[in-house]
Amino acid sequence: MRDVSLDPVQQLRHELDELDDLVGMDPAEGARVARSLAGRAWDLGARGAVACARVWEAEALQRDGDGAAAAAAIAAVRREHPDLTSELRVRASWVLARSFTDIGDRPTALEHALDAAAAFDDDVPQRVRTRVLIKVADLLDELGAHEDSRSWYRRAEELALGDAQLHLLVVNNRAYCELERGDVAAARRELALLQELSRRYDRPLNANTLDTVARIHLLCGDAAAAQEVARAAVRASSAMEIKSADDLPVYLLTLAVAQRVLGDAAAAAATLQEARAGCTGVGFADVRTQILEEQAEVFAALGDLRAAFETHKAFHAADKELLSEQREAQARARQAMFETDVAREEAARYREEARRDPLTGLGNRLFVDERLPELITGFQVGGRLVSAVLLDLDHFKTVNDTFSHEVGDQVLCIFAGILADAVVRFPDSFAARLGGEEFVLVLASDDEGYAARAAEWVRRTVAGHDWSAVTPRRGITVSAGVATLDPAGDKASLLSAADARLYAAKAAGRNCVVTR
């Protein structure tokens, strides 16, 4: 319902905010509404709202099963709106990651998921960031990088704490990965955690999570429990807050497997017929193929060997058709595909690139967000010291304004080299660029005074460097704030303390180091 108290642009933005829920609950209707809102935004000259509506439309297309169309829609948005907000950049990359997953190109999906993670800033909502981290973790697991996957799931879980829906989503996806690997013990641990979280948040498990639980029961050999939970998933499917087109057929397939294992092949056959009836239109090729494979097993259990043989042939034909469809979709959405045998190498390369500042080659904010908590945990256990030095080049804007941004980039690269020299002796330490002219040194050492000495060495080296070839008649200086981790501290408290001391160094006249 429209609020007549709002002007047309405010009303439009209000409706765009509501579109989030609609796209999740009813993707087809969400796509229709998004197209309508994009038209209204265009008429009002609200370019940002046009871009927002079209990103929502792309997500709706992906959720409705047409990943190639979604990828093409995002490509068009990026061409026509190069100035997307940080939130829309993240959402667009996330939709691309989901779309390329749907069409079977996981290395490219990972590239886009990491692009989304690298674009995080304070304007990107927590829920969006958590979903991106989950997607990265999912893809790393599918590409065989299991330890990296677990690390990203941990980050997602930390961000999701207190949000029942997101917390359960993180654990569900991690449980599914353990299930797919056939790790019974790990799957059982995740199952227990899902049940504990359901009680803690006083929130029933949704259909998607119930399906995961049913599959874990099958893995553990408890088909009776699997059947009961699978039936609950089917019943709960209509109440799912966020839907994908193939959800219900997938839940019915799980139920049919449980029924067959329990010896009720007739019931399994009827359930599979219901699942097949729900697989019409675009976006069901994968689940249709899985249903055919299970139907062949059911016909064999019923003693109808001819039907089992014919269905098995149909399964292989459908599997080939699915592969062909995926390749065609990949060709439409992407000009070059990655071969399976290099998928892991490409994933590792994208992972590394996403954590590097392209100008200086140092780690970026994403690298710090991932590496620093790991370092803190490791050194808290080992009893060593972790320090952070935040550094800011003094009056750097005047370098860009007086000389040029190209000269400013040269100054940044020279400064990055000095920082790299400062940590080269300590393999667990690192330098990173947080953005603009702000950098950080993270130093791990047994020497309590090392961080302060390193910061002072950097300050002297910068001040004493011959800058005449780069910025004639103008020297460069740097201010720094140093903090060492308290025993009960964390990343946020460490960086906050260093930032406060950096501010004090600037207030004291710059070109100095503040340690207290």
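Checked against (1) surrounded by fewer than 20 Cβ atoms within 10 Å (Cβ to Cβ); (2) of a type outside the set (A, V, I, L, M, F, W, C); (3) touching a residue at least 40 places away in the same chain (Cβ under 8 Å); (4) touching a Phe, Trp or Tyr at 6+ places or on another chain (Cβ under 9 Å), GLY475 meets all criteria but (3). Taken across the range 427-441, residues that are over 15 Å from GLY361 (Cα atoms) and out of contact with any strand residue (DSSP E or B) (no Cβ under 6 Å at 6 or more places or on another chain) do occur, with at least one present.
Name the single residue, out of those in the range 191-236 being among the polar types (S, T, N, Q) and under 25 Å from the mean Cα position of the chain (by Cα), that is nearest to ARG181 (Cα to Cα). That would be THR212.
Across the range 112-136, what is the number of residues that are over 21 Å from ARG356 (Cα atoms), open to solvent by 40 Å² or more (accessible area, probe 1.4 Å) and not polar (S, T, N, Q)? Selection size over the range 112-136: 3. Listed by first and then second residue, the pairs linking a residue in the range 484-509 that is over 27 Å from HIS395 (Cα atoms) to a residue that is surrounded by 16 or more Cβ atoms within 10 Å (Cβ to Cβ), with Cβ atoms under 6 Å apart and 6 or more places separating them unless they lie on different chains, are LEU485/VAL386; LEU485/LEU494; LYS491/LEU372; LYS491/PRO373.
For first residues located in the range 358-380 and of a type in the set (D, E, K, R), partners that are open to solvent by 40 Å² or more (accessible area, probe 1.4 Å) and in a loop (DSSP other than H, G, I, E, B) and lie 6+ apart or on another chain with Cβ distances below 9 Å form the pairs ARG365/PHE120; ARG365/ASP121; ASP369/PHE120. Each residue in the range 446-483 was checked for being farther than 22 Å from HIS395 by Cβ and not in a strand (DSSP E or B), and 9 pass. With respect to VAL282, is the statement that it is within 16 Å of ILE103 (Cβ to Cβ), of a type in the set (A, V, I, L, M, F, W, C) and either touching a Lys or Arg at 6+ places or on another chain (Cβ under 9 Å) or modelled with pLDDT of 75 or more (or both) true? No, not satisfied. In the range 408-436, the residues that are under 20 Å from ILE376 (Cα atoms) reach residues that are aliphatic (A, V, I, L, M) and surrounded by fewer than 16 Cβ atoms within 10 Å (Cβ to Cβ) with C-beta atoms within less than 7 angstrom, at least six apart or across chains, in these pairs: ALA431/ALA420.
Yes or no, residue by residue, for (1) open to solvent by 10 Å² or more (accessible area, probe 1.4 Å); (2) in contact (Cβ under 8 Å) with a residue 12 or more places away in the chain; (3) out of contact with any strand residue (DSSP E or B) (no Cβ under 7 Å at 6 or more places or on another chain):
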{"position": "VAL55", "(1), (2), (3)": "no, yes, yes"}
{"position": "ALA71", "(1), (2), (3)": "no, yes, yes"}
{"position": "VAL77", "(1), (2), (3)": "no, yes, yes"}
{"position": "ASP83", "(1), (2), (3)": "yes, no, yes"}
{"position": "THR101", "(1), (2), (3)": "yes, yes, yes"}
{"position": "ALA109", "(1), (2), (3)": "no, yes, yes"}
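The values are calculated or read from the model by the stated rules, or taken from the named source; none is laboratory data. It should be emphasised that the depicted structure is a prediction, and the values quoted were computed from it without experimental measurement. Glycine gets a Cβ as well: all are built from the backbone with ideal geometry, and neighbour counts include every protein chain shown. Heavy atoms of the whole protein, side chains included, go into the accessibility calculation; ligands, DNA and RNA do not. Shrake-Rupley method; radii C 1.70, N 1.55, O 1.52, S 1.80 Å.
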